[in-house]
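As C-alpha cells, the structure follows; a few thoughts come after it.
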Amino acid sequence: MKSEKEKKGMFRQAFELDNAIQTYAWGSRTAIATLLGRPSPSPVPQAELWMGAHPKAPSKILVDGAWQPLDRLIEQFPGEVLGPGVAERFGPRLPYLFKVLAAAEPLSIQAHPDLKQAREGFARENRAGVPVDAPGRNYRDDNHKPELICALSAFWALNGFRPPDEMAANLKALSPEGLGKQMALFETAAPAVAIRHMFTSLMTLDAARRRAVVNEAVTRARRREAEGEVCRWVAALGRRYPDDIGVLAPALLNLVCLAPGEAMFLPAGRLHAYLEGTAIELMANSDNVLRGGLTAKHVDVPELLRVLRFEGRRPEVLRAGDGPAVRFDAPAAEFALWVLRLDGGRKWTSPAGRRVEILLCTEGGGRLTVASGHVTGFTRGTSLLVPAAAGVYRLDGHGVLYRAALPDDGNLTRET
C-alpha cells in the first residue's frame, strides 16, 4: 500500500482525460465524433463533451491502473490537484467546467442564476425533497454559471435582449395584430420596464392567444424568410416548435453569428440560446439552467423571470486575433480561456506557481513535458488535466490548444 506521500506524488504529471459525452437530442452526430477521431456519424446525437469534475458527469483519469472520477480525487487531494488557495476560495472542487458544445438543432431559451440565487434555490429544493436528478428540478447544485462560448465553426446564438426600439420594430413586423396592445408600452415606459413587461406578457399568454401570436409571426416570417436572418430563424424555429412562444426569440434577443475564433461572455441573468454550430464552452462548475421555451425539458417561467436581468444592449464579441497565444477577457473569478497555437519552432513554458489546468487539442498534436521529465503526448481531440503539483510544464508540437485555467495564472511564454 502506498504512503500518503507517494499518493500525493502521483500528481506530478499530466493525465489524459476520459470524458463523458452528453447525448441530448439537439446534438450533432458528426462534430464531437470527428474531433475525437471516432466513427461518424455517431449512433446518437452527441451534444456536449464535458471536461471537468461536475458530479453529474466527472471526467476520469488513470491512477494506479484504474480509471478514477476526478471529483473524488479532488476531494481526497485538493492541494495537489487544484493548487494553493483554490480549495480555500472555491471549496474542494474544480472551479470551472470545460466543454465542447455541438448543436445541430437549437437549444432552449435559458438563463443562469447568480451565486446568491443558486445557493438559495438549491437549498429550497433540497428542503422540499426534490431529488437532484428529478426532471422538474431547477437547481442541481449551489453554484452560479457565468460562461464563455468560443466558436470552432460558424456559430449562431441569441445573446441578451435587444434595445427596445429594435424589439418593437421586429414585433410590429411579425405580429401587429396579436401584440398590438403590448406595443404601446414601448413608447411610454423606461427601457427596462418595457422589456420586462413585454417579455412577461409573452411568457404568460393563455394557450389560445399564444397560438394566435405564434401563428401570425411564423406566417409572416415565412413570407419574408429570404429578407433577413430574424425572419429566417423565426420561420425555422416555428417549424420545429409550433405553438411555442420561444419562436419569437430572434425578434426579442440579439442574433449573433460568431466566426471561428470569436467568443462571447454570458453573465448571470442573461437570456440566451445557442442555435447552431460547434464551440468551446468554459463556465463556472455548475449545471443550473432556468428554461423559457424551445425545449421538451422542464420550464419554470416564474423562476426564470425572477433571475432575468431586463437590459437591452448589444453583446460584445471577443476576438482572439492571429497571435500565437491569446486570452479571451471575461469578468469571471473561476476561469479564463486561452487559445495557443503551436508552430513547432519553439517550446512554450507555463507560468510558475500556476494552478490546475485543462488543455484541449483541436488541431495537430505534440508533447507536454512536466518538471519531473514525465512526457504526455497529445493529438487532435486529446484533453489533458495538468494538476498544480505537476509544476512548470513545456509544450511543443504543431497545432492548436485551448487552455482552461484560473484567471490570474498568466499566459505561457515562448522559448527558442
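The values are calculated or read from the model by the stated rules, or taken from the named source; none is laboratory data. Quick caveat: nothing in here was measured; it's all calculated off a predicted structure. With ideal geometry, Cβ positions are generated from the backbone for all residues, glycine too; neighbour counts draw on all protein chains shown.
Side notes on the structure shown:
- Residues that are part of a helix (DSSP H, G or I), more than 13 Å from residue 174 (Cβ to Cβ) and aromatic (Phe, Trp, Tyr), drawn from segment 198-251: 199
- Of the residues screened, residue 190 is not one that is of a type in the set (Gly, Ala, Ser) and at pLDDT 90 or above.
- Of the set (1) buried (at least 20 other Cβ atoms within 10 Å of the Cβ); (2) over 20 Å from the mean Cα position of the chain (by Cα); (3) assigned to a strand (DSSP E or B), all apply to residue 274 but (2).
- Selection status of residue 199, in contact with a Pro (Cβ under 6 Å, 6 or more places away or on another chain) and on the phi < 0 side of the Ramachandran plot: no
- All of 402, 393 fail the test of being surrounded by 16 or more Cβ atoms within 10 Å (Cβ to Cβ), of a type in the set (Ser, Thr, Tyr) and within 24 Å of residue 92 (Cβ to Cβ), apart from 393.
- Here residue 319 passes the criteria (1) at pLDDT below 95; (2) touching a Gly at 6+ places or on another chain (Cβ under 9 Å); (3) under 30 Å from residue 200 (Cβ atoms) except the one numbered (3).
- Any hit, segment 204-212, residues being touching a residue at least 12 places away in the same chain (Cβ under 8 Å) and buried (at least 20 other Cβ atoms within 10 Å of the Cβ): no
- In segment 252-271, the residues that are within 20 Å of the chain's Cα centre (by Cα) and not in a loop (DSSP other than H, G, I, E, B): 253, 254, 255, 256, 257, 258, 262, 263, 264, 265, 266
- A single entry from 390, 320 fulfils the requirement of being aliphatic (A, V, I, L, M) and either more than 23 Å from residue 279 (Cβ to Cβ) or touching a Leu at 6+ places or on another chain (Cβ under 8 Å) (or both): 390.
- Residue in segment 121-128 that is in a strand (DSSP E or B) and out of contact with any helix residue (DSSP H, G or I) (no Cβ under 8 Å at 6 or more places or on another chain) present: no
- Residue tally, condition in contact (Cβ under 8 Å) with a residue 12 or more places away in the chain, hydrophobic (A, V, I, L, M, F, W, C) and out of contact with any strand residue (DSSP E or B) (no Cβ under 6 Å at 6 or more places or on another chain), over segment 41-69: 4
- Taken over segment 147-175, the residue count meeting the criterion of being of a type in the set (Lys, Arg) and touching a residue at least 60 places away in the same chain (Cβ under 8 Å) is 1.
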